[in-house]
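S.K.: Pasting in a structure now, in structure tokens, and then I'll have a few things to ask.
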Amino acid sequence: MAETEEKTGPPVTLIDPIDMSQLDPKFREEISSMPNGEELSACFACSTCTAACPIANQWNFKPHQLIRMMLLGMRAEVLSSKEIWECLTCFECQERCPQKVRVTDIFFDCKNLAAEEGIVPENILALARSLIEKGQLYEVINDWEREDLNLEPEVPGLSTEELKSILKGTRTGKLVGGDE
């Protein structure tokens, strides 16, 4: 009969332990007090949202984990997560939630909170800058692109000045310095 080795040290865990001193107990209430967060506490981590999400397998934190992190008060981790920005806004998670937690809408709220704290991915800021500077996200720069579609080289009547002016006064404009 083979003898088993005696293990010493802490048990192996599949996830990193949570540093309780880093939790923000007010984060849960902050999200819950928002118009879309009323049902946040109803989540019982059934993972239906994750099962419905078409890109959850690409994420480090799955939708149900992000909701759980909010409930625990893991503000810094949630607001700095790439997942809230990568959400496709397909609303599959929200439509399937048996507790009516507005997952997608809560992710929007988290993006707004993150932006207020200046935590915005550079690629999102680049899109915002482009929108404010050009008045559109995609600018046709090659005549052949429109010619291939049998269109005039220039977009007739396209004026983006009014849109650019409006955008400069928005939160997005302030975020990227467009209000200066």
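S.K.: G135: in the same structural domain as Q58 (by TED's automatic domain parsing), at positive phi and more than 13 Å from the chain's Cα centre (by Cα), yes or no?
M.R.: So G135 does not fit the description; no.
S.K.: Separate question: Please go through segment 70-102 and pick out each residue that is among the hydrophobic types (A, V, I, L, M, F, W, C) and not in a loop (DSSP other than H, G, I, E, B).
M.R.: Across segment 70-102, the qualifying residues are M70, L71, L72, A76, V78, L79, I84, W85, C93.
S.K.: Mind checking which residues of segment 127-180 are in a loop (DSSP other than H, G, I, E, B), surrounded by 13 or more Cβ atoms within 10 Å (Cβ to Cβ) and either touching a strand residue (DSSP E or B) at 6+ places or on another chain (Cβ under 6 Å) or at pLDDT 85 or above (or both)?
M.R.: T170
S.K.: Something else now. Of everything in segment 51-69 that's under 13 Å from the mean Cα position of the chain (by Cα) and in a helix (DSSP H, G or I), which residue is farthest from W85 (Cα to Cα)?
M.R.: By that ranking, first place goes to I67.
S.K.: Condition first: free of Cβ contacts under 8 Å to residues at least 12 places away in the same chain and part of a loop (DSSP other than H, G, I, E, B). Now tell me which residues in segment 18-34 satisfy that.
M.R.: Initially, segment 18-34 is screened for residues free of Cβ contacts under 8 Å to residues at least 12 places away in the same chain, giving 19-21, 29, 32-33.
Result: D19, S33.
S.K.: If you go through segment 35-50, how many residues are in a helix (DSSP H, G or I) and either touching a strand residue (DSSP E or B) at 6+ places or on another chain (Cβ under 9 Å) or small (G, A, S) (or both)?
M.R.: Within segment 35-50, residues that are in a helix (DSSP H, G or I) and either touching a strand residue (DSSP E or B) at 6+ places or on another chain (Cβ under 9 Å) or small (G, A, S) (or both) number 2.
The values are calculated or read from the model by the stated rules, or taken from the named source; none is laboratory data. Not measured: the values here are computed from a predicted model. Neighbour counts are summed over all protein chains in view; Cβ atoms, including those assigned to glycine, are modelled from backbone coordinates with ideal geometry.
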